[in-house]
Amino acid sequence: MLIRTYREGDEDKIFELHKVVYPEREYDKESWIEWWRWMYRENPLGKARIWLAEHDGRIVGQYPLTFMSIKFENEILKVCQNIDLMTHPDYRGQGIFSRLERRALDEVSSKGVYITIGFPNRAAYPGHIKSGWFDIAPMRVMVKPLNWNNTLRMKVSNTFLAKLCGIGASLVDRIFYRSQKPPVVEGLSVTQVPSFDDRINEFWTKASSQYKIMVVRDRDYLNWRYCAVPGVDYSIYIATKARQICGYLVLRCMGWKQIKLGIIFDMLAQSQEIAQSLVFKGIEHCKRENTDLIYHRTIANKTYIKAFRENGFISIPLIKGGRFCAYSRDPHISKEFLRDAENWLVQPGDSDMI
């Protein structure tokens, strides 16, 4: 077994590993390569580092780390995110994960990148904890059904029963979770735009004070994350006052199982009132797209959460939004500070979810 770093052209063998690990997915190699180059080669923070396990000429495991900038109080640090961890089914249980991880984290730490974040799935989570990672918080799931009949049909196979349950759920929704009209904010305009312009940098500087820890959302990062993704269309809304950006929201409508799902990937606003206006605009967008269910997951403060609740979103504690974990060798930032979920803003767009 050879543990090594990525070499030019390895993506062809990595593609074969993807197909073996996730055989249920549909693959078009040309589209996959475009996505791979965007994710691993075109990140404005630099090319990803990828560690590979090779045996008999095959790639049988990978441990990639992509780079991002995160604000820690008044300091901006370069950190890593662990994504697409894979081991070939025939090679599981042989310690590939631990060997790749030790090599990866040792090497990035030697270059001054001490903190790594990740959203490990159920299979990867035990290995992360064993390697010294720690939990920060589970992601809070918030949903707003727009079509209860179609939404319930995912769980209720009987059409009549699903319709009956949908009527009852709709009634409860109207009584207890009905949307409030957004507050009137004098001079506020919310419009859809194709990309982010330079004004977003000034907005980011002002809005970043709301959280002690969050991904840097400047123009280069946001346009790479939401405007340059091959084959994926995001809808971007910005809130402006006196021509200055005071908030934005990014969402995507897509087919998922038997329903049409709207996902809010990212939102940041200077105030709760502006956040409510952005979420309201996102709901209107999803209604025009005949979306059945709007989904969001987050780690955020109460002000942020209230903007969704005022728009009729339901928080469902029993539905887990996935784990958010971190690994740190930083001598200057305490693990207690990192463990405190109150310090963080985390959203779907901070992960590799597209």
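Lys pairs in the range 260-354, Cα-Cα under 22 Å, at least 8 apart or on separate chains: how many?
Within the range 260-354, the lysine pair count is 8.
Among bridges DSSP assigns within the range 2-137, what percent are antiparallel (round to 5)?
So the antiparallel bridges amount to about 90 percent of the total.
Would you work out the charge dipole size for the chain about its Cα centre, treating the Cβ of every Lys and Arg as +1 and the Cβ of every Asp and Glu as -1, and quote it to the nearest 20 debye?
Using only the charged Cβ atoms, the result is roughly 1020 debye.
I'd like the orientation of helix 96-110 relative to the chain: the angle between its Cα long axis and the longest Cα principal axis, in ° from 0 to 90, rounded to 10.
90 degrees
What lysines sit close enough to K13 to cross-link, taking a C-alpha to C-alpha distance under 21 Å and skipping anything fewer than 8 places away on the same chain?
Here the lysines satisfying the reach criterion relative to K13 are K29, K47.
Given Cβ point charges of +1 (Lys, Arg) and -1 (Asp, Glu) and nothing else, what value in debye, to the nearest 20, does the dipole of the range 78-118 about its Cα centre take?
120 debye
Determine the dipole magnitude for the range 208-256: charges of +1 sit on the beta-carbon of Lys and Arg, -1 on that of Asp and Glu, nothing else is charged, the reference point is the Cα centre, and the result goes in debye to the nearest 20.
In debye, rounded to 20, the range 208-256 gives about 200.
Against the longest alpha carbon principal axis of the chain, how many degrees, from 0 to 90 and to the nearest 10, is the axis of helix 159-176 turned?
70 degrees
Nearest 5 is fine: what % of DSSP beta bridges in the chain come out antiparallel, could you say?
The antiparallel proportion sits near 90 percent.
Tell me the angle of helix 29-41 to the major Cα principal axis of the chain, expressed in degrees between 0 and 90 and rounded to the nearest ten.
Helix 29-41 and the main axis of the chain meet at about 90 degrees.
Computed from the coordinates by the stated procedures, all read-outs in this text should not be read as laboratory data. These figures come from a predicted structure and were not determined experimentally. Note: ideal-geometry Cβ built from the backbone for every residue, glycine included; neighbour counts use all protein chains shown.
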